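These notes concern the structure reproduced below.
Since every read-out is calculated from the coordinates, none of them should be taken as a lab result. A quick note: this is a predicted structure, and the numbers were derived from the prediction, not measured. Cβ placement follows ideal geometry from the backbone for every residue including glycine, while neighbour counts extend to all protein chains displayed.
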Amino acid sequence: MTYELEYVAGLVASDGHISKDFGVAIYSKNRAFAKYIKSLIEKISNKNVHIYKGKGSLKILIFDKELVEKLGKKFRICIGKKCNVLKFPIDLTENEKINFLKGYVDGDGSLYMDKRKRYGKEYKYIRIEIASQTKEFLEEMRIFLQKLDIKCGEVTEGKRVFRFRIYSKNAIMFLRKVGFSHPDKIFSFPKPQAVEKF
């Protein structure tokens, strides 16, 4: 059960919200993924989880005081608007942090294939971007990833969020050690060139 809790915590940190009445909500546009999240939360809590149709997305919702307390104590996710106070969890094992990251990037991570031409030949490179409205959260995440030997770019500020990028061989390493589970983000591009094999 520990994996499910860690993964769900990552999703709450990225695409979720905790209300004052102990409601935990996660949003998704993908129905199959919403059902998957529902099953994970039900396994954690042994309570009914509901899916509601909203404007442009589905809302997975549960009211569970015990779950809210775990999310706060173990994963540093606060009640209410979290965008400017999100903190990377520190009192976790390396594997627990990886599981948390799996959930987070399924929410606020993106996977791209860049194409470049060199000497008349086209090469494909993987690029991963991870975003947050909290700069310090991303800085702490970068430090952890670099401890996993995954080199990351600097955190930069965009119009609405901060983000950092991971390229090429380091992106492959990220996919091996963390990876994506979201059906809209699972890697389905042709095998890239100019990088080591998977």
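Observations, loosely collected:
- Eigenvalues of the alpha-carbon gyration tensor of the chain, scaled by 5 and square-rooted, set the equivalent ellipsoid semi-axes at 31, 18, 15 angstrom, largest first.
- Here is the list for the stretch 50-132: chymotrypsin sites (Phe, Trp or Tyr not before Pro) lying in DSSP coil, each with at most 13 other C-beta atoms within 10 angstrom of its C-beta, are Tyr119.
- Bridging of Lys185 to aspartates and glutamates at a Cα separation below 20 Å is possible for Glu4, Glu6, Asp15, Asp106, Asp108, Asp114, Glu129, once same-chain residues fewer than 8 apart are set aside.
- In the stretch 73-116, trypsin sites (Lys or Arg not before Pro) in a DSSP loop with at most 11 other beta-carbon atoms within 10 Å: Lys81
- Here the 3J(HN,Hα) profile of the stretch 53-63, calculated from phi with Karplus coefficients 6.51, -1.76 and 1.60 at θ = phi - 60°, is 8, x, 7, x, 7, 9, 10, 9, 10, 9, 10 Hz, Gly and Pro shown as x.
- Between 0 and 90°, nearest 10: helix 65-75 axis offset from the chain longest Cα axis: 40 degrees
- Crossing angle, helix 2-15 versus the chain [Cα axis fit, 0-90 degrees, rounded to tens]: 80 degrees
- If you bin all the Cα-Cα distances of the stretch 2-84 at 10 Å, starting from zero, the percentages per bin are 19, 58, 22, 0.
- Cross-link table Lys35/Lys177; Lys151/Lys177; Lys102/Lys169, entries beyond 21 Å C-alpha to C-alpha: Lys35/Lys177
- Helix 31-45 and the longest principal axis of the Cα set of the chain meet at an angle near 50°.
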